[in-house]
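Single-structure report; data block below.
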Amino acid sequence: MRIDILSLFPEIIKGSLEHSIIKNAITKKLVSINYHNIRDYSKNKHKKVDGYQYGGGSGMVLMIQPIYDCIKKLQEKRDYKNIIYLTPDGNKLNQKICNKFSLSKNIILICGHYKGIDQRLREYIITDEISIGDYVLSGGELAAAVFCDSIIRIVPGVIGDETSALTDSFQDNILSEPVYTRPENFEGLKVPKILISGNNKEIERWRDKKSLERTKKKRPDLL
Ligand code: ADE
C-alpha cells in the first residue's frame, strides 16, 4: 500500500506514524507513507495557499491550484482509486470503512485547514470524504494520522498474529472481551479462574459471553 498525504503541516502526522506496528509495517515495506507540503506547490510568488471566501464570510479557504497540481503530479506516476479528504462533514469512520481501505493499493489523503478547501476539489477530484468524529479539529492532520493507523494495522501481513486484528473490538460489531496478564493474583485482585483452567472450549465460551455483556452495557447500539 502507498499513501500520499497532502498537508500544510506534515510534521504533525509524521511523528505519530513512526512507532510500533506502523513503523514495522513501513520497515517491512508493506506500506509507504509519502508527505507533500501543499505550500511547495503554490504558484503564488509569496507561496500563498489560501484566500478569502467569495461572497464574504470569516475564515480562509485553501486554494484549488496547489492541491490540484500536487494530485496531478502524483497521478502521472500511478493510479489512485481513492482521493480522500479529511473533513468533519465526511462519512464517519468505522471499522467497516477501515477494512475496505486497508485493501487499497494507492491512497491520497488531503488535510484541510482554516475553513476547508475550495469546493471544486470536493466536487471534481475527491472520491471519498472521511470524518473521525462529530467534533472539529484545527486541521485534518490528526484525522489523517488516525485514519492511517486504523487501516495500516490491518493490512495483511502487518500484525504477525493475524487473529489479533480479527478479534479487535468492532470487527464483528461487538466489543472485545476483558484481558489479563501476569501476575495471577495482584494484592488480592485475582484473574478469573476460568482463564487459568486450561479448558480452551470453556475459555472461548466465557470470552464470547463477556464480549456480549460488555457490548450490551457499553454500546447497546451495536447489537
Ligand atoms: N478536520 C477537522 N475536524 C475533522 C474531523 N472531525 N474529522 C476529519 N477531519 C477533520
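Consider segment 127-142 and keep the residues that are near the ligand (Cβ under 6 Å from one of its atoms) and open to solvent by 30 Å² or more (accessible area, probe 1.4 Å). The one that is nearest to the chain's Cα centre (by Cα) is 132. Of the listed requirements (1) farther than 27 Å from residue 64 by Cα; (2) touching a helix residue (DSSP H, G or I) at 6+ places or on another chain (Cβ under 8 Å), residue 137 misses just one: (1).
Against the conditions (1) without any contact (Cβ under 8 Å) to a residue 24 or more places away in the chain; (2) within 15 Å of the ligand (Cβ to nearest atom), residue 124 satisfies every one except (2). For segment 19-48, a tally of residues being under 19 Å from residue 157 (Cβ atoms) and without any contact (Cβ under 8 Å) to a residue 40 or more places away in the chain returns 7.
The values are calculated or read from the model by the stated rules, or taken from the named source; none is laboratory data. The model shown is predicted, which means the values in this text are computed figures rather than measured ones. Ideal geometry is used to build each Cβ from the backbone, glycine not excepted, and the neighbour counts take in all protein chains shown. Only protein heavy atoms, including side chains, enter the accessible area calculation; ligands, DNA and RNA are left aside. Shrake-Rupley method; radii C 1.70, N 1.55, O 1.52, S 1.80 Å.
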